[in-house]
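Here is the structure we will look at, set down as structure tokens.
The values are calculated or read from the model by the stated rules, or taken from the named source; none is laboratory data. Computed from a predicted structure; not experimentally measured. Glycine gets a Cβ as well: all are built from the backbone with ideal geometry, and neighbour counts include every protein chain shown. Accessible surface areas use protein heavy atoms only, side chains included; no ligands, DNA or RNA. Shrake-Rupley method; radii C 1.70, N 1.55, O 1.52, S 1.80 Å.
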Amino acid sequence: MMMDLEGSTEKSADFTNTDETSLLVIIMDSNPAQRILRENPHVLTQCVDSVIAFANAHLMQKAQNKLAVMACHSKLSEFIYPGPGKQLDVRQIDGQYEVFTLVEKTIKQNLAKILTSETSTVITESLLAGAIAMALCYIHRINRIKAPGLKLNSRILVVTGSGDSASQYMNYMNVFFTAQKQNVVIDVCALDQHLSLLQQGCDITSGMYLRVPQMQGLLQYLLWVFLPEPPIRQKLVLPPPVKVDYRAACFCHRELIDIGYVCSVCLSIFCKFSPICTTCHTVFKIPSLGVKPKKKKLKI
Amino acid sequence: MDEEDPKEYRWETGYEKTWEVIQEDDDGFLEASVADIIQKSKRKRQALKQGHAKLGMMRHLYIVIDCSDSMSGQDLKPTRLLCTVKLMEAFIEEFFDQNPISQLGIIIMHNKRAEKISELAGNGRKHAKAVKALNRTSLVGEPSLQNGLELALKSLKLLPSHASREILVVMGSLTTCDPTDINVTIENLKTEGVRCCVIGLAAEVHVCRHLANETGGTYNVILEDSHYKDLLFQNVDPPPAAVCLESSLIKMGFPHQMATEGTEDPLTMCMCHIDSADEGSKLTTGGYYCPQCNSKYCELPVECRSCGLTLVSAPHLARSYHHLFPAANYKELPYEHQSAICFACQKSFIADNDKQVYECNNCKKIFCTDCDMFIHDTLHTCPGCATNLATFQMSHSSQ
Amino acid sequence: MAETAESSTNVTLIQPSNLECKNLYDYLKTRSSAVLEKLYNHPTICLAVYRELPELGRQYVIRILFVEQPVPQAVVASWGSQAYSKEHVYVSKVLTELSVWLESPIPGGLTGWILSSTFKRNLKIALLGGGKPWSMSSALEVDSKARDVSFLDSYSMERWECVLHYMVGSQQQEGISADAVRILIHAGLMKCDDVDGSSVITRQGFQFLLLDRQAQVWHFILHYLDTVENKGLDLAECLTFLFQLSFSTLGKDYSTEGMSNGLLVFLQHLREFGLVYQRKRKAGRFYPTRLALNITSSQSQALLEEDTPKGYIVVETNYRVYAYTDSNLQVALLGLFTELLYRFPNVIVGILTRDSIRQALKGGITAEQIIGYLKQHVHPQMLRGEAKQPLPPTVVDQIKLWELERNRLTYSEGVLYGQFLSQNDFNVLREFAHTNGHLIWCNRDKRTMVVSKAGHDDVKKFWKRYSKANSSPHNLTEA
């Protein structure tokens, strides 16, 4: 009697849309120190245009979809959509959907503000981990204020041409694990170099990682690989995840190692036994005959 | 709950109206008051958490759960035991999330006996299963605290000297039925450097207080279930290292999945499921290979069964770093229009709702209450410091 | 002499005529491709159609939006993963039906898909800009008496409830225009009483009341659009305007400048139903309300904004229903399927019983609609719990079971064969019908059997052949 409680619903019911809302936070690296920007500053315009078109394509998917865009600049990171302060009052100027015009204008205006205020020519690294941390706080707030019972899929897309630096390692790991815990997917679109740290983040949060082979087709790459939301991705054939190398690099020589020694106090990794930890200055006792007692076998 | 002042006797102190700590709100509810107490203690604990303290990172924790008659009480909903089981499942998950290279074991006390239901091991799922099975245990007789402690001590004793040894007791009963003098056991625990924490579900018991005080642990009695959760989850953070804890370098393996170029992975069996009855080992291609003896495992972290090497991946270690380098604490300030929006979440401050704001000492950015909590509980990275080049370099060089 | 007597056992299936809810896709699919092509000339409609496509379809369209040549069908098929090939077939069908993409030959003998050029051009305009601005966006000076969102919400609510109140015939309304009544009757939601000419609500009308607000508006507007051409208005123009409205921003004013006379009439109609707010007929500006926004989206509008209307119904596992409302309309609607127990100034208490549900089911309301109504107006408190379902599952299942117990009979058309002369004949024929799956029922003692209508021809042929082959003196005669 209980078998057909659902009744004979429409045959197409399972193909139609789900009422899930999707929040996308795009982090755009606008740091002028990026190699591709130093060689050709016009790449930034192209990159911004592609990102805006992509952002609007995201909003076009569903009426409920939400968007936020951040710029990660040389000295600071900022939300450029929805920017600080009051919303712009935008009237339609052409056939573009009003909301899309608003997105485009706001992003361009706020970005211009950042670019003009920053004139230093010193080469600095982009602090992407910090930008992701801000994005996570933002997502956390949206999750808090959303209507109860509403399902919100959040993800972060990082578009960057910088390399990744080991100096941010700790911050990166913190944001990746937080994202994993909050079910936030991190997607990374690398414009220039291969980013092994951010790739680990994609792997940890089951996001997509793509290194764009050529800048010309950026929008098309974004639309193909990053537009589908995580729930739809399984229905599409997308670039398969590559196996990520999770081997540790030792703190002493920065080399990848298979077997290493870990300080029991601060968890620093060394490739050889040394009597003192260089990180926390703990003095270790010399292992007896170099062999660790096998605890499993001892207890009965 | 406060520590006793040893200088004067209890009856010499002033008359203390303990019930006045808890205040009813306008509608006559206590929830707000309890939430306030939890919130305050959280901040207090947060304030104590400052970097560069020596912590016991490789934890070996035995959870000793009371499964006696008294756990069938219904003051926690639906019963004390069911509530405990539910919280414990969440605790185990969180414990391994935050302490990936630590180990856990579970002991239950009933009918004056102690019984180990789950060996000291690093696999959270096994423990969760064992805890879940407690739903069907019959709650009989009295607990024996001494037997429980002795059983835990027996296996903790054998651990290498760099391991941090801990026992967490959940006591529902107000009595314990022990075969010999429990003070001897407590003395033994103390000499072995085992830290014992106790959570009481009913009322304060002297022997538990004594146990916790002697071994450097904490003793708390719960107010209600959310307070219970808070107390339990305090044990997720690693405790300060015991004095007798030796530091040493531990040999670890970092297996990698990489297949050799151009060849397909051979079909192999993994060592983790080789003798488990309910899900047998299957032939699969991927997996992690021990760099020392080449045994295959399907997940990390794990201790190699054939050569005893601890196998981890770099992110596992990184997961624990935030205990050692926590985000700096923020300063609580009254809201005086320091900033229009919260730096992290972009929430605009409204003077009526946001009475307090928080300022980071390094980057001087202003945050809202929710972000303060989120940053220190989960994120462990100050977004202000991490996005500002000057402060980033400063905080980085100090580490 | 064997005789097969034919008699139809119940030709018409006794199914209550239910309210048919079309979404945009169902509506457009019935239009001819020429009409669609004309509609696709407007970026707004392209945008609306795009959003109504299935998820996979949206990905396909966006992937070939910037491709000028046709894409081989095999290539498109390879985009979806194998496990979802059924969905791929469905999506291709939808895209073809809506003339979003067309089949086109590729040199080399393959067939490929190419987006309809009008659709492609106008979707690009909506997404990236270019083209002409939409008709209602002329510049305006700042409104001295600008209306905020909460005002618009209460205004639209009041206007729409007027229509609903009229339908349930409650006394408190100020009445609605004859046009609106005509649409209600046209939509079959009300019918003219033969006796005194007054209109009364129909079974579909009750079902309509239980729909969510968005679906009500859409259903109503669809029927309004059916009548639009009789009024001398241009359907494409109205539809375009409607979608422009649906993509406008709440709380913003728009200009009526440059609108044709037909559109101004249309605007006045929308004003009556509360889809737009205008201070005066000739104000030159109007504000769209929440009713007009995202008119096509069939999903419930659980948006992130904090100001969306809140639900008010609490259902307990003991079948009690508490509704925090003082609206007579809502009370009346709840009364359709609950037994009301108490009424207080701000809350009513009722109970779901077998009788009360059956009463509603007899009135043609389905269990799905009742559950949908409760779900949609559920109190936020019910959503906060850990359980995924807002309503107690026992209550939901029980309502469905109460519906099922009314549908214990299934009807199938059939032909009765009887008056066999021998048991052997009967057995042979029964065996044949059974093995071919045509047998519905048989009775060995009375030598009668019922064969499905579809199988009747086969069985008849078989019987003719059988009786000839046996060269028996029997002749087959048909009654």
query = Can you tell me the Rg and Dmax of the stretch B:56-233, counting just the alpha carbons, in angstroms?
reply = 14.7, 42
task = Find how many whole Å separate the alpha carbon centroid of the stretch C:325-344 from the alpha carbon centroid of the stretch C:362-416.
result = 19
message = How many Å² of accessible surface get buried when C and A come together, counting both sides, probe radius 1.4 Å, rounded to the nearest 100?
response = 5300
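As an exercise, use a Förster radius of 30 Å and the Cβ-Cβ distance of C:Lys453 and C:Glu405 to find the FRET efficiency, rounded to the nearest 0.05. Write down the numbers at each step before the final one.
On the way: r = 28 Å, r/R0 = 0.92.
The calculated FRET efficiency here is 0.60.
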note = Per the helix-only model, chain B has a calculated mean residue ellipticity at 222 nm (DSSP H runs of ≥4, -39500 (n - 2.57) each, divided over all residues, rounded to the nearest 500) of -9000 deg cm²/dmol
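Shape of the stretch B:331-398 from its Cα gyration tensor (a ≥ b ≥ c, root eigenvalues): rounded if a/c is under 1.5, otherwise prolate when a/b > b/c, or oblate? Can you show the working numbers first?
Working: a/c = 2.24, a/b = 1.80, b/c = 1.24.
Because a/c hits 1.5 or more and a/b exceeds b/c, the stretch B:331-398 counts as prolate.
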task = Find the relative contact order for chain C and round it to a whole percent, using C-alpha pairs within less than 8 Å whose residues are 6+ positions apart.
result = 18
request  = Count neighbours as other Cβ atoms within 10 Å of each site's Cβ, and list the chymotrypsin sites (Phe, Trp or Tyr not before Pro) in the stretch A:36-106 that are DSSP loop with at most 13 such neighbours.
outcome  = none
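Based on the Cβ-Cβ distance of B:Asp27 and B:Val140, what FRET efficiency does E = 1/(1 + (r/R0)^6) give at R0 = 35 Å, to the nearest 0.05? Mind showing how you got there, number by number?
Values: r = 42 Å, r/R0 = 1.19.
Once rounded, the FRET efficiency stands at 0.25.
Can you give the extra length, in nm with one decimal, that the chain gains between B:Ser72 and B:His273 once fully stretched, where that is 0.36 nm per residue apart less the Cα-Cα distance? Walk me through the numbers on the way to the answer.
Working: separation 201, 0.36 × 201 = 72.36 nm, distance 3.59 nm.
Extra length from B:Ser72 to B:His273 when fully extended: 68.8 nm.
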ask   = If you average the sequence gap of Cα pairs under 8 Å that are 6 or more apart and divide by the length of chain A, what percent do you get for the contact order?
value = 15
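Take the residue pairs B:Lys347/C:Lys310; B:Lys132/B:Lys229; A:Lys235/C:Lys22; B:Lys157/B:Lys296 and return only those whose Cα atoms are more than 19 Å apart.
Values: B:Lys347/C:Lys310 23 Å; B:Lys132/B:Lys229 17 Å; A:Lys235/C:Lys22 27 Å; B:Lys157/B:Lys296 30 Å.
Listed pairs above 19 Å: B:Lys347/C:Lys310; A:Lys235/C:Lys22; B:Lys157/B:Lys296.
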ask   = How large is the helix-only mean residue ellipticity at 222 nm for chain A, computed as the sum of -39500 (n - 2.57) over DSSP H runs with n ≥ 4, divided by its residue count, in deg cm²/dmol to the nearest 500?
value = -10000 deg cm²/dmol
query = Between B:Asp181 and B:Ser226, what is the spin-label point distance in nm, taking each point 7 Å from the Cα along the Cα→C-beta axis?
reply = 4.6
task = Report, as an integer, the average count of C-beta atoms from other chains found within 10 Å of each Cβ along A:269-280.
result = 2
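With the Cα gyration tensor of the stretch A:247-288 in hand, give its eigenvalues times 5 under a square root as the equivalent ellipsoid semi-axes, listed largest first in whole angstrom.
Details: eigenvalues 59, 25, 13 Å².
Semi-axis lengths for the stretch A:247-288 are 17, 11, 8 Å.
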ask   = What is the spin-label model distance, in nm, from C:Lys461 to A:Gln87 if the labels are put 7 Å beyond Cα along the C-beta direction?
value = 6.7
inquiry  = Once neighbouring chains are kept in place and the probe is 1.4 Å, which whole percent of the accessible area of the stretch B:56-233 is contributed by carbon and sulfur?
reply    = 51
query = Which of rounded, prolate, oblate describes chain C, given a ≥ b ≥ c as roots of the alpha-carbon gyration tensor eigenvalues and a/c under 1.5 marking rounded, otherwise prolate only if a/b is larger than b/c?
reply = oblate
ask   = With the other protein chains left in place, how much accessible area per residue, in square angstrom, belongs to chain C at a 1.4 angstrom probe?
value = 48
remark   = Quick calc, A:Arg211 & A:Cys252: beta-carbon distance into FRET formula, R0 35 Å, rounding 0.05, result 0.70
request  = Before anything else, pin down the relative contact order of chain B: Cα pairs under 8 Å, at least 6 apart, normalised by residue count, whole percent.
outcome  = 13
ask   = Tell me, Kirkwood radius of the stretch C:373-460 from alpha-carbon pair distances, in Å?
value = 16.9
inquiry  = Please report the spacing between the Cα centers of the stretch A:80-110 and the stretch A:205-260 in Å, no decimals.
reply    = 32
ask   = With the Cα gyration tensor of the stretch A:20-233 giving a ≥ b ≥ c as the square roots of its eigenvalues, does the rule (a/c under 1.5 for rounded; else a/b larger than b/c for prolate; else oblate) give rounded, prolate or oblate?
value = rounded
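Mind grabbing the interface size between A and B? I mean buried accessible area, both sides, 1.4 Å probe, in Å² to the nearest hundred.
Numbers: alone 18630 and 22440 Å², together 35130 Å².
Roughly 5900 Å².
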ask   = Applying the Karplus parametrisation 6.51 cos²θ - 1.76 cosθ + 1.60 with θ = phi - 60° to the phi angles of the stretch C:351-361, what ³J(HN,Hα) value in whole Hz is obtained for each residue in order, glycine and proline being reported as x?
value = 9, 8, 10, 4, 5, 5, 5, 5, 4, 5, 4
Under Karplus coefficients 6.51, -1.76 and 1.60, residue-wise ³J(HN,Hα) of the stretch B:294-301 in Hz, glycine/proline x = 6, 6, 9, 10, 8, 8, 10, x
key: Shielding score for A:255-261, defined as the mean number of other chain Cβ atoms within 10 Å   = 6
key: Among beta bridges that DSSP assigns inside chain B, antiparallel share in %, nearest 5   = 45
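Heavy-atom accessible area per residue, the stretch B:155-253, 1.4 Å probe: how many Å²?
Working: 3710 Å² over 99 residues.
Each residue of the stretch B:155-253 exposes 37 Å² on average to a 1.4 Å probe.
Counting GluC sites (Glu not before Pro) as exposed when in a DSSP loop with at most 16 other beta carbons within 10 Å, what is the longest stretch of chain C free of them? The partial results should precede the final answer.
On the way: sites that count: C:Glu6, C:Glu20, C:Glu68, C:Glu141, C:Glu174, C:Glu229, C:Glu257, C:Glu305, C:Glu306, C:Glu316, C:Glu386, C:Glu405, C:Glu413.
The longest uninterrupted stretch comes out as C:69-140.
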ask   = How large is log10 I(q)/I(0) at q = 0.05, 0.06, 0.07, 0.10 Å⁻¹ when the Debye formula is applied to the Cα atoms of the protein assembly as shown, each weighted equally and without solvent?
value = -0.47, -0.67, -0.89, -1.46
remark   = For C:Glu97, the net charge from surrounding residues (Cβ-Cβ under 11 Å; K, R +1; D, E -1) works out to +2
inquiry  = Which residues, if any, in the stretch A:71-101 lose at least 50 square angstrom of accessible heavy-atom surface (probe 1.4 Å) when the other protein chains sit next to their chain rather than the chain being alone?
reply    = A:Arg91, A:Gln92, A:Asp94, A:Gly95, A:Tyr97, A:Glu98
task = Sort out for me the Cα centre separation of the stretch B:177-241 from the stretch C:60-83, rounded to whole Å.
result = 64
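For chain C, what is the calculated [θ] at 222 nm in deg cm²/dmol (nearest 500), taking -39500 (n - 2.57) for each run of four or more DSSP H residues and dividing by its residue count?
The helix-only estimate for chain C comes to -13500 deg cm²/dmol at 222 nm.
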key: Debye log10 I(q)/I(0) at q = 0.10 Å⁻¹ for chain B, Cα point scatterers   = -0.82
query = Mind listing which trypsin sites (Lys or Arg not before Pro) in the stretch A:196-257 are in a DSSP loop and have 14 or fewer other Cβ atoms within 10 Å?
reply = A:Lys243, A:Arg254
Summed side-chain charge close to C:Gly350 - residues other than C:Gly350 whose Cβ falls under 13 Å, Lys, Arg +1, Asp, Glu -1 = -1
request  = With a point put 7 Å past each Cα toward its Cβ, work out how far B:Asn188 is from C:Glu431 in nm, to one decimal.
outcome  = 8.5
task = Summarise the partner chain shielding of B:368-375 as one whole number: the mean count of Cβ atoms from other chains within 10 Å of each residue's Cβ.
result = 3
